[in-house]
Amino acid sequence: MAPKKGVIEVQFNWIFILIAGALILGFFGAVIMRSRPIAEDMLAEPILTSMNAIITSTGISTRTAMFVEIPEEKISFSCERFSVGAFSQPIPETNIVFAPSETEGSFLIAWAFDFNIPHHITNFLFITSPDKRYVFLDPSNSQEVQRIYDLIPSHVRKQKFSTQHFSVDGSSETRIVFFSSAGMPSGIQHDVQDGISAIRVDTSSNKVYFYERTDSGIVEKEADYFGDAMLLGAVFSQDFEDYECNVRKIIKKINVVNRVYHRRTARLQQAYPAYCYYVPNHFPHQITSLSASLPQLINSKNLLEQYSRELDKRSCPPVY
Amino acid sequence: MKQKKSQMEIMGVAIIVVLLILGLLLFLRFSSVERPATLKEPFQRAELASSTLNTLLRTTTGCGRSSVAELYQDCVGPQKIFCENSDGEKISSCEYANGFVRIALMETIGELKRHYDFRVSHGSDGVVVYQIGDCGNFVDKDSSRYIIAGTEQHIAFTLDICG
Amino acid sequence: MKKAQIRMFETIAVLFIFILLIGFGLVFYSRMHSQGMFDRREERYEKHAIEVAQAAVSLPELKCSSYNTVVSDCIDYLKAEAFIEAVSQNPGLKNEYYFDLFGYSRIEFREIFPGGSVFVIYDFVPEDIVSRSTFNTPMSLYYPSRRTYSLGMFTVEVYEI
């Protein structure tokens, strides 16, 4: 009779090995599963840090495009926040950022543009990505539109046509910028959908119109702009709400800066003789809405530019 | 034989444990070493050199409201500016500027406990007008250089922040 | 029976030592990880001090300029005075608007020549401070009414709570 002891022992041994092995594998599997989201969050952290440095404009010269290399992570932007994965950071109210709602890819294009009225108020930050296309349509082929078009860095994917017809291929996200005071052609309105947006710019009245598709059809939303920087802001903004949110931040910044200049000018007025013509009221600092204050801002800008030339001739300290 | 085999196995495991404990001790030893200077250090040094020089040269002195740069322009040029020292004695623009720079650097970079070398030279030969500092044999340094036009030859200002 | 017992004890001993090794490994990893996180946090605060300093001196409300040509490393005295007054009269500016930019920090300018005045441009010091990071740089203070530049030190102190 063959001994049965060895047969039982071997079987128990294998059962024991299987249980121990399963436990060990399960343990390591659990460790890996738990550390994976932590690793993803660690990947988000340097992106957040470098985006924060860019947004606070500590690393960007104005009117120069900068390529920002990012890992292949989706970055979401709104007027008040930006986020990478589950992490988000607020955009300070002092910083004006025009960016698409989402970007994905290995790099972003960032460029800062100074906003002057005529004194420097702040820099706007424009963020876009190589897959976003900006199409300028200018049937009148004006030099003014060409000048604005040339302000956008060449790295940005832009095109300009002297026509009011444009067929969209839908292969990439497109923003159509149509220059006309007469209205938006129905063909372009019809093209507005997911991934294709359109705005109309009326340079004669400083107005920009956003066209959005709703359930009831195409809706036109009117907004004002003041200067090249704000016009470019309209071009690079996500939509009407994003643009208006940034306009509110811009108004607050104008009020803060002008309040400082107002007081500074009053002091200069006291310190210098009357031929140094300093007028504190050239710095309005109680603006509540852009549409209501636009004539005042335009008038102040013109007066400041005019008087600064006079001050210079009279060897008086600059007013700004 | 079987007894020796299992003994050998246990010995093997024990050796691995001993090696791992040694590794752990070495790691703990090296992980507690102080980290070297962080990113702030080299950035601050370079930034400090450039902003100090920039600021110093444009400072309005008490000598006829001339700036430091203007005093040195007069010093290497016509020498028409005369200043008063703290005792009320008349001194040249060179003497005044040198004294001003010495005190200014002491109260700015010196207060930050940094070592520096400041040098004013003029002309293509780099004739030294004034030099002060204690960089000595320091290898790590960041420099800032500023050149202005003199009456005949250019004047170069160099500030090294070292250490 | 004894042989089987010995075998079992051997197996248990091996498992025990194995678990001990795993435990050591986990201690290693967590120690390295937390050290790395601490270093990154420190580095972030140092960077933040520099960023706050750069943001402050580049504010149009403070920096020297002549018809939009920027004079670097310089603060306009009249602007600084107006800024300090505006912030003190409007708590919302300090607690919200500029807090977004400067956070818990103290920004001051100490004049070295000709006078010894100290201007506190921004001051939001928290009650409980874990650590602080300081950034100092020489800076000019421009007096537009006299058209003179004084010499001073610009200090930014950032606090971690």
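Any read-out appearing in this document is the output of simple, stated calculations on the displayed coordinates, not a laboratory observation. Computed from a predicted model, the values in this text were never measured in an experiment. All Cβ positions, even for glycine, are placed from backbone atoms using ideal geometry, and neighbour counts span all protein chains on display.
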*Which shape class applies to the protein assembly as shown: rounded if a/c is under 1.5, otherwise prolate when a/b exceeds b/c and oblate if not, where a ≥ b ≥ c are the square roots of the Cα gyration tensor eigenvalues?*
oblate
_Please list, in order, the residues from the stretch A:89-133 whose amide nitrogen is less than 17 Å from a point placed 7 Å along the Cα→Cβ vector of A:Ser171._
A:130-133
*asked:* Give me the net charge for the shell around A:Gln146: Cβ to Cβ below 10 angstrom, other residues only, Lys and Arg +1, Asp and Glu -1.
replied: -1
*Please report how many Lys pairs in chain A have alpha carbons closer than 28 angstrom, counting only residues at least 8 apart along the chain or sitting on separate chains.*
26
_Suppose each label sits 7 Å from its Cα in the direction of the beta carbon; what would the B:Ile103-B:Gln79 distance come out to in nanometres?_
2.3 nm
*PRE reach from B:Val18 (point 7 Å along Cα→Cβ): which of the stretch C:1-22 fall under 19 Å by backbone N?*
C:14, C:17-18, C:20-21
*So for the pair C:Asp123, C:His33, with labels modelled 7 Å out along Cα→Cβ, what separation do we get in nm?*
4.4 nm
*PRE reach from C:Asn90 (point 7 Å along Cα→Cβ): which of the stretch A:217-250 fall under 18 Å by backbone N?*
A:246-250
*Per residue of B:49-62, how many C-beta atoms from partner chains lie within 10 Å of its own C-beta, taken as a mean?*
6
*Would you tally the net charge around B:Ser92, using a Cβ to Cβ cut-off of less than 12 Å, leaving B:Ser92 out, and scoring K and R as +1, D and E as -1?*
-2
*Relative contact order of the stretch A:44-112, defined on C-alpha pairs under 8 angstrom at six or more residues apart (%)*: 42 percent
_Show me, for the stretch A:276-286, the HN-Hα J-couplings you get by feeding each phi into the Karplus relation (A = 6.51, B = -1.76, C = 1.60, θ = phi - 60°), rounded to Hz, glycine and proline as x._
8, 7, 9, 10, x, 5, 6, 10, x, 10, 10
*Considering Cα pairs under 8 angstrom that are at least six residues apart, work out the relative contact order of the stretch A:249-313 and quote it in whole percent.*
34 percent
*Hey, could you get me the Stokes-Einstein D for the stretch A:184-320, Kirkwood radius over alpha-carbon pairs, 25 °C and 0.890 mPa s, rounded to whole µm² s⁻¹?*
142 µm²/s
*Treat each spin label as a single point 7 Å out from the Cα along the C-beta direction, and report the A:Asn281 to B:Val139 distance in nm.*
6.8 nm
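At a Förster distance of 22 Å, what's the computed FRET efficiency of C:Met8 paired with A:Val10, Cβ-Cβ distance as r, to 0.05?
Values: r = 14 Å, r/R0 = 0.66.
My answer for the efficiency is 0.95.
With n ≥ 4 as the cut-off for DSSP H runs, can you work out [θ] at 222 nm for the protein assembly as shown, using -39500 (n - 2.57) per run divided by the number of residues, rounded to the nearest 500?
Rounded to the nearest 500, the figure is -15000 deg cm²/dmol.
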*Name the lysines eligible as straight-distance cross-link partners of B:Lys5: C-alpha to C-alpha under 21 Å, and not fewer than 8 places from it in the same chain.*
C:Lys2, C:Lys3
*Once both axes come from the Cα atoms, what is the angle between helix C:77-89 and the longest principal axis of chain C, in degrees from 0 to 90, rounded to 10?*
60 degrees
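What is the sum of charges around B:Thr60, taking Lys and Arg as +1, Asp and Glu as -1, for the other residues whose C-beta is under 14 Å from the C-beta of B:Thr60?
Residues close to B:Thr60 contribute a combined charge of +2.
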*Amide H neighbours of A:Ile70 under 5 Å, at least 5 residues apart or on other chains, H built in the peptide plane: list them.*
A:Phe107, A:Leu108
_DSSP loop trypsin sites (Lys or Arg not before Pro) with at most 14 other Cβ within 10 Å: longest gap in chain A_ = A:75-313
*Based on the mean of other Cβ atoms within 10 Å per residue, sort peptides C:148-154, A:240-246 so the most packed one is first.*
C:148-154, A:240-246
_Straight-line reach from B:Lys141: which lysines fall under 26 Å, measuring Cα to Cα and dropping same-chain residues less than 8 apart?_
B:Lys40, B:Lys113, C:Lys47
